[in-house]
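**Student:** What follows is a single structure, and I will ask about it in a moment.
Derivation of every value follows stated rules applied to the coordinates shown; laboratory data play no part. All values reported here derive from a predicted model rather than from experimental measurement. Quick reminder, even Gly has a Cβ in these numbers, built from the backbone with ideal geometry, and neighbours come from all protein chains shown.
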Amino acid sequence: MSRPRPEPVQVVKERRDAALRVLTGNVPYIRFLGIQFERRGDELTAVLPFDEKLIGNPLLPALHGGVTAAFLEVAALVELSWSVLWEDIEAGRIDPRALAPEDLPRMPKTIDFSVDYLRSGLPRDAYARARVNRSGRRYASVHVEAWQDNRTRPFAQATGHFLMPETRDAAARNG
């Protein structure tokens, strides 16, 4: 008995990158802020490239607190959505190359989001990684940290709680 041949690595990477582009490409606020995502396997790093429009206090200069909070929340939401989508992609239930934005599961809704500003965000690129602490059918908890030059020195961190969208299977069962 022979095993099926695994897909070439490049095909797998293209499939994962296509899913990430569909997931993030149609959110206008992500485009406005210029947030990008780097993917290594199932791990995402959000990147906020520096832009003058992101400065809140030109005297310091420092990133605007609202931009920092939005960056953290976007990183948390995309990580949470990606973790749900990842399982379907890897199981072969979704082909992201044929995926349209309307085929995606809805984004989770924020219940609460608490930001700790640890120091001023400097006028340079920022990075963030989120960790899903708990994700169930109805509720999820996510922690996210943002840093600039040194990952061990975050300039902000946040914890968020999210209402998970109803899955297509559950929606079909309920009516």
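**Student:** If amide H atoms are built 1.01 Å from N in the plane of the peptide, which residues on other chains or at least 5 residues away come under 5 Å of the amide H of Asp125?
**Tutor:** Phe50
**Student:** If you don't mind, there's one more thing I want to ask. Would you kindly state how much longer the chain becomes between Arg137 and Thr45 on full extension, computed as 0.36 nm times their sequence separation minus their alpha carbon distance, in nm to one decimal?
**Tutor:** Result: 30.7 nm gained on full extension.
**Student:** Relative to the longest principal axis of the chain, what angle (0 to 90°, nearest 10) does the C-alpha long axis of helix 65-90 take?
**Tutor:** Its long axis makes an angle of about 10 degrees.
**Student:** Go ahead and estimate [θ] at 222 nm for the chain from helices alone: -39,500 (n - 2.57) per DSSP H run with n ≥ 4, summed, over the residue count, rounded to 500.
**Tutor:** Value at 222 nm, helices only: -10500 deg cm²/dmol.
**Student:** At 0.36 nm per residue, minus the direct Cα-Cα distance, what do Val11 and Arg31 gain on full extension? Give it in nm, one decimal, please.
**Tutor:** Contour length minus the Cα-Cα distance gives 4.6 nm.
**Student:** Here are some values of Cα Rg over 2.2 N^0.38 Å: (i) 1.04; (ii) 0.96; (iii) 1.13. Which one was computed from this structure?
**Tutor:** Working out Cα Rg over 2.2 N^0.38 Å from the coordinates points to (iii).
**Student:** In degrees between 0 and 90, to the nearest 10, how far off the longest principal axis of the chain does helix 9-25 point, with axes built from Cα atoms?
**Tutor:** The two axes meet at around 60 degrees.
**Student:** Let me check I've understood the local charge: for Ala62, count other residues with C-beta under 12 angstrom from its C-beta, Lys and Arg +1, Asp and Glu -1. What total comes out?
**Tutor:** Net charge around Ala62: +2.
**Student:** Now a separate question. What net charge do the residues around Ala46 carry, taking every other residue with its C-beta under 14 Å from that of Ala46, with Lys and Arg at +1 and Asp and Glu at -1?
**Tutor:** Within the 14 Å Cβ shell, the charges total 0.
**Student:** Can you sort His64, His161 by how many other beta carbons sit within 10 Å, fewest first?
**Tutor:** Least crowded to most crowded, the residues run His64, His161.
**Student:** State the extension gain, in nm to one decimal, for the chain segment bounded by Arg106 and His64, taking 0.36 nm per residue of separation less the distance between their alpha-carbons.
**Tutor:** 12.3 nm
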